[in-house]
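Notes follow once the structure below has been shown.
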Amino acid sequence: MNAEDKASRITLLRAALRERTGNSVLDDLARASILSGVVGDDPELLAVFAEETAPPQAEFDVHLEGGTVVGHETQAKPLGNFMRFASQAVNEIAKSISPIQRLGDRLIVEPGPGSVRLVMRVPLTAETGKTGTEPAFEQPASVETRAIEVLADLFTEAESDAIEDSPLTAAVQRLSPKARTQLRLLAKTARESDWSLVGEVRRRGIPPRRVSLTRRGAARLEEEAQQESQASNEAVMYGVIDGHIRSESLVSFIPEGQRRFKASVMDADLMNQVAHLAAEEGIRVRAVFDVYERTPAGQAEVVRRSYTLKSVQAAPSAEQATLV
């Protein structure tokens, strides 16, 4: 099968999976038939099937391994604490990244079958749709869905190499003190239990995302979350976007005359703007960042900076700017 035929087949598969009869039983039977009769064991079609049949709101499936986990069992108290802190962390992150000041605790955290497994998910309600009557497939991401994705971003960045200008500091500092407290308690529980977290974030229309957090990553996240609030400086820079990772909410930026760095991107619409600008290679942009600086005790010079992107737009080339 050539590439054109495969693309056409994927388009038809997506359309078929998005069809709704209004009867959940019939819809489930239709999807099962598509899986066995059309998708089969084709890796590309299986990936499309996973995207299109994932929950319309985020679901974070987490497996706990190592430490106090023996077989399918672990100690009840730390597990209960982990579930509570996870729910509260997502709730407080949601309030940090949205104008909402009060938010009901709608997140569901439940044990899953198999190993020591937890599933964090956002329940479907009429409120997540624009009109309250839209089919589930068309529901926009709720603030809790975005908060779960931010939590996954933080886990991923905590696992990355602790480079000098890691965006983890900025991503954590952007959160409210309450959110950082719950994040610290969540990471502390994982570290003290010597757990490794391995999981997957699923949301309809987006490829499943693998997420992990080792004891080392939990310790790093705990350390960042317990830092006192830092004032940020706004910096306007001209340069080029050197790449972006949508699944991790990161952008790589090369400022003119300076070295490349990574910045966190907390807003989904802003990430769309980044992706649009990055599609044109070498385009000059004007970017505004919040910059968090850290100076260790006893040292006079700043040795660590962390960036979060506030806005970005296309800018005239350096030659055009000089003429103006």
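The values are calculated or read from the model by the stated rules, or taken from the named source; none is laboratory data. It should be emphasised that the depicted structure is a prediction, and the values quoted were computed from it without experimental measurement. Backbone-built Cβ (ideal geometry, glycine too); neighbour counts: all protein chains shown.
A few points about this structure:
- Residue in the range 64-72 that is within 28 Å of the chain's Cα centre (by Cα), in the same structural domain as residue 173 (by TED's automatic domain parsing), closer than 28 Å to residue 141 by Cβ and touching a residue at least 60 places away in the same chain (Cβ under 8 Å) present: yes
- Top-ranked residue in the range 221-246 [being of a type in the set (D, E, K, R) and part of a strand (DSSP E or B); ranked as nearest to residue 89 (Cα to Cα)]: 234
Here's the yes/no breakdown for (1) closer than 17 Å to residue 202 by Cβ; (2) surrounded by fewer than 11 Cβ atoms within 10 Å (Cβ to Cβ):
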residue	(1), (2)
6	no, no
11	no, no
18	yes, no
22	no, yes
25	no, yes
37	no, yes
40	no, yes
44	no, no
50	yes, no
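- Residues satisfying the stated conditions in the range 57-75, i.e. touching a strand residue (DSSP E or B) at 6+ places or on another chain (Cβ under 7 Å), of a type outside the set (D, E, K, R) and part of a strand (DSSP E or B): 60, 62, 63, 64
- In the range 198-215, the count of residues that are within 21 Å of residue 160 (Cβ to Cβ), touching a residue at least 60 places away in the same chain (Cβ under 8 Å), not assigned by TED's automatic domain parsing to the domain that holds residue 305 and not in a strand (DSSP E or B) is one or more.
- Residues in the range 199-247 that are within 22 Å of residue 140 (Cβ to Cβ), crowded, with 20+ Cβ neighbours inside 10 Å and in contact with a helix residue (DSSP H, G or I) (Cβ under 6 Å, 6 or more places away or on another chain): 201, 244.
- If you check 283, 245, 254 for being at pLDDT 90 or above, outside the structural domain of residue 172 (by TED's automatic domain parsing) and under 22 Å from residue 166 (Cβ atoms), only one passes: 254.
- Test for residue 183: is it surrounded by 23 or more Cβ atoms within 10 Å (Cβ to Cβ) and part of a loop (DSSP other than H, G, I, E, B): no
- Filtered residues of the range 1-56 (kept if in a helix (DSSP H, G or I), of a type in the set (Asp, Glu) and free of Cβ contacts under 8 Å to residues at least 24 places away in the same chain): 4, 5, 27, 28
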